[in-house]
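The values are calculated or read from the model by the stated rules, or taken from the named source; none is laboratory data. Values in this document were obtained by computation on a predicted structure and should not be read as measured data. Neighbour counts run over all protein chains shown; Cβ positions are idealised from the backbone, glycine included.
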Amino acid sequence: MEITDIRIKKVTGESKMKAVASVTFDNAFAVHDVKVIEGPEKLFVAMPSRRTPDGEYRDIAHPINSDMRAVLESRVLAAYDAIEDEPEITEEA
């Protein structure tokens, strides 16, 4: 499986969420709402999730092995770094 497109929208505001990405695989399957989050030591990628009735969040889509997670995270963060001059979207509360 190959990542064939990544689209990043930066987020403004005081939140730790810095951007939202859409990732396309094999020009055939897209995953939206992949988040770029500012962690305590570095940026990381969080997969799209949904809140469960008990208040926890569960991923809707996610890599099933560490190799794919590493590839996805490195490609999304590289795309994020490459768009420093792009317009930002404002985060809604």
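Data for the structure
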{"item": "Checklist (1) part of a loop (DSSP other than H, G, I, E, B); (2) modelled with pLDDT of 95 or more; (3) on the phi < 0 side of the Ramachandran plot applied to Asn27, failing item", "result": "(3)"}
{"item": "Pairs with Cβ under 6 Å, 6+ apart, first in the range 50-77 and closer than 18 Å to Val36 by Cβ, second among the basic types (Lys, Arg)", "result": "Tyr57/Arg51; Ile60/Arg50; Pro63/Arg69"}
{"item": "Count of the range 45-70 residues which are of a type in the set (A, V, I, L, M, F, W, C) and under 16 Å from Arg7 (Cα atoms)", "result": "3"}
{"item": "Strands (runs of 3 or more DSSP E) contained in the range 39-93 and holding at least 1 residues at positive phi and modelled with pLDDT of 95 or more", "result": "none"}
